[in-house]
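Structure first, commentary second.
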């Protein structure tokens, strides 16, 4: 009986699961959609039992059913790993029951006042010195303080505060944990260098006794309990990893394993993870410990990428994406003088400017629809280049970019971004996503695979984009305009 490994990823709007053999072959896969609640403007929540746990149970049973149909018994499973959107905030009582819906990651902006309170009480520089992070809507502590200040009954019953992956692992094993990668969300109560909870600022915040045990992503948190086995159909005693954030598992799924490897996820927004040689907090990015001891990363991303194309299509309807590409083919590098700032939802790294706005600059009566679409694609490339440039000045270089996400389906857009960024971009053959990375991590953690580098036996490169040197000068000039345009107009954007 050949061993196989289970990966489940709970995303914002859907969940995916897979079972993978030791050679990387996908034996089963399933998905399920779910809702996202927004009870107030800027609030985003999900029910931990009705969504997170329900989806885990649903996917486990679907996958086991598929395995059975292929003659593979459930006992062939040797380990499982779960990843989720992160970091989320879920208070539970002493019995383990959720006390309210889970508060979502950075899309939930309810705690802006609490961010200001914490920064005033402690100081931004002190927070960064300890945690390598500046507080933002991604941060858990301000949202936990929001619960304390606004939901007194919930706070009085709170025994532990878990992340979404932590809750699923708890339901599976009975152990309350958070992985070292996700723990950065608890600044300033997490010491990024000592990799443990820090009580220095408990008086200004709350007791670290409310926080779960910190483990590495690939540590075995426990095994599937008898009760969880009855609910999910999973074998009792199946090893369960601590798990991690979806983006970290996604990076694993596309082959990020060596220093200088960068995953670039082009979805509605953009997120990247780059492996670094050492822990190196940089104010313009997020530094973190990664999935196994001795590994570290820098992460960041743009606020809008795919959503720019959605906005453009809705604002100028009547053409398909391919028709717009055909029009842009008649433009040229530099879009005939049109430059776009892509800050339609503020900007994340490296600007951290929530007030940033989108701008169309250089429009003339001779500007064509193709010029506008060309400029839109170039704006994404300029944003990527800006991030890479700031990383480079800090001494960190991306040796290769492994690109994933919906935008990678456009050869034109990917080539434009590559030409502007000046760094090769590779497209992996395996595009199942974070759940595939989870399955690999389960194989590694249970000893079936010897090293993280063996992900290259699972993931092959399907296509590579290489910078065209003939376009370098034109894009250097346009990039200069792009950078100066923001600097000279940012005071108008507030």
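No lab work stands behind these numbers, since they all come straight from the coordinates. Note that the coordinates shown come from a computational prediction; the quantities given were computed from them, not determined experimentally. When we count neighbours, we look across all protein chains shown, and the Cβ atoms used for this are built from the backbone with ideal geometry, even at glycine.
The modelled label-to-label distance between residue 292 and residue 330, using points 7 Å beyond Cα along the C-beta direction, is 5.4 nm. Relative to the dominant Cα principal axis of the chain, helix 112-122 is inclined by about 80°. In this entry, the range 127-179 is assigned a mean projected area of 4.7 nm², taken as a quarter of its C-alpha convex hull surface. Put in order of Cβ neighbour count within 10 Å, fewest first, the listed residues 213, 396 become 213, 396. Semi-axes of the equivalent ellipsoid for the range 255-340, computed as √(5λ) from the eigenvalues of its C-alpha gyration tensor and ordered from largest down, come to 36, 13, 13 Å. If the segment from residue 202 to residue 393 were pulled out straight at 0.36 nm per residue, it would be longer than the present Cα-Cα gap by 65.2 nm. When only Cα pairs below 8 angstrom with a gap of at least 6 residues are kept, the range 348-418 shows a relative contact order of 39 percent. The range 427-460 and the range 242-267 have Cα centres spaced 11 Å apart. Over the range 388-494, the alpha carbon radius of gyration divided by the compact-protein estimate 2.2 N^0.38 Å works out to 1.42.
Evaluated at q = 0.06, 0.07, 0.10 Å⁻¹, a Debye calculation over the C-alpha positions of the chain (equal weights, vacuum) places log10 I(q)/I(0) at -0.27, -0.37, -0.77. Were the residues from residue 153 through residue 473 laid out at 0.36 nm apart, the gain over their Cα-Cα distance would be 109.0 nm. Computed from Cα atoms alone, the Kirkwood hydrodynamic radius reported for the range 4-247 is 18.4 Å. Neighbour counting of Cβ atoms within 10 Å sorts the residues 47, 179, fewest neighbours leading, into 47, 179.
Per-residue ellipticity at 222 nm from helix content only, as computed over the chain with -39500 (n - 2.57) for each DSSP H run of at least four residues, stands at -10000 deg cm²/dmol. Computed extension gain for residue 258 through residue 12, at 0.36 nm per residue and net of the alpha carbon distance, reaches 85.7 nm. How many angstrom separate the Cα center of the range 171-213 from the Cα center of the range 54-128? Taking the Cα centre of each part, the range 171-213 and the range 54-128 sit 15 Å apart. Kirkwood analysis of the range 83-156, using all unique Cα-Cα pairs, places the hydrodynamic radius at 13.2 Å.
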